[in-house]
1. What number of residues in the stretch 2-49 are modelled with pLDDT under 85, part of a loop (DSSP other than H, G, I, E, B) and not basic (Lys, Arg)?
2. Where the second residue is part of a loop (DSSP other than H, G, I, E, B) and the first is on the phi < 0 side of the Ramachandran plot and lies in the stretch 79-90, which pairs have Cβ atoms under 7 Å and are six or more apart or on separate chains?
3. Just to be sure before I move on: is Phe61 exposed (fewer than 12 other Cβ atoms within 10 Å of the Cβ) and either at pLDDT 90 or above or among the aromatic types (Phe, Trp, Tyr) (or both) in the structure I sent?
4. Residues Arg77, Arg135: which one is outside the structural domain of Ser19 (by TED's automatic domain parsing), more than 22 Å from Ser55 (Cα to Cα) and not aliphatic (A, V, I, L, M)?
5. From Ser69, Ser55, grab the single residue that is small (Gly, Ala, Ser), within 22 Å of Phe127 (Cα to Cα), surrounded by fewer than 10 Cβ atoms within 10 Å (Cβ to Cβ) and assigned by TED's automatic domain parsing to the domain that holds Thr107.
6. If I go through the stretch 106-117 residue by residue, how many of them are surrounded by 14 or more Cβ atoms within 10 Å (Cβ to Cβ) and closer than 17 Å to Lys57 by Cβ?
7. Just the residues that are surrounded by 13 or more Cβ atoms within 10 Å (Cβ to Cβ) and part of a loop (DSSP other than H, G, I, E, B), please, taken from the stretch 73-105.
Amino acid sequence: MRCPYCSGPDTQVKDSRPSDDAAAIRRRRVCPDCGGRFTTFERVQLRELTVLKRSGKRVPFDRDKLQRSIGVALRKRPVAPDRIERLVSGITRQLESSGEAEITSETIGEAVMEGLKGLDDVAYVRFASVYKNFREASDFKALLGTLGDAAILPVEDESAAEIVPLRPKRIPRPHS
């Protein structure tokens, strides 16, 4: 493996151990040329997957892109990083074990939505709004209806649902 610092052609493995979720091997490496140290992760890949996009274009499956997309949907949400990693690994394993060498982007999107629905409702709605290209509020309303009654908080008083902007009170200045 090339050194990321000096691009030296050979690096030495100093330490190997399973990662936290045991789905990858974490390797600590050192470059004999510059002395730089870095970490790599080795994962099992059952098969090379190709993604068929809506435009008809074919691109190689990118696990990192999947992880970034899920990360964007989960930004600032109280979800542990190991749960995110398990979701990404589960979706990747599901796609690789499907038996197909070519998968549609719709299949990946549906798998992500299904995983996010069980993980975090807000992230599910965020991802769905981009994935399904929502154009108006009624699209959100229809999606929220699929989450069930627990996801929608009841409003006891209709007037409480109205949003009223707050304005600072004007305090009269004393005249001198």
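1. Of the residues in that region, 9 qualify.
2. Val79/Asp120; Asp82/Asp20; Asp82/Asp21; Ile84/Leu74; Glu85/Asp21; Arg86/Asp21; Ser89/Asp21; Ser89/Ala23
3. Working: exposed (fewer than 12 other Cβ atoms within 10 Å of the Cβ): no; either at pLDDT 90 or above or among the aromatic types (Phe, Trp, Tyr) (or both): yes.
Spelling it out, it is not the case that Phe61 is exposed (fewer than 12 other Cβ atoms within 10 Å of the Cβ) and either at pLDDT 90 or above or among the aromatic types (Phe, Trp, Tyr) (or both).
4. One residue alone meets the criteria, Arg77.
5. Values: Ser69 fails: surrounded by fewer than 10 Cβ atoms within 10 Å (Cβ to Cβ).
Selected residue: Ser55, the only one of Ser69, Ser55 that is small (Gly, Ala, Ser), within 22 Å of Phe127 (Cα to Cα), surrounded by fewer than 10 Cβ atoms within 10 Å (Cβ to Cβ) and assigned by TED's automatic domain parsing to the domain that holds Thr107.
6. Summing the residues that are surrounded by 14 or more Cβ atoms within 10 Å (Cβ to Cβ) and closer than 17 Å to Lys57 by Cβ in the stretch 106-117 gives 3.
7. Within the stretch 73-105, Leu74, Arg77, Val79, Ser98, Glu100 qualify.
The values are calculated or read from the model by the stated rules, or taken from the named source; none is laboratory data. Note that the structure is a prediction, hence the values are computed from the model and not measured. Using ideal geometry, Cβ is built from the backbone for each residue, glycine included, and neighbour counts are taken over all protein chains shown.
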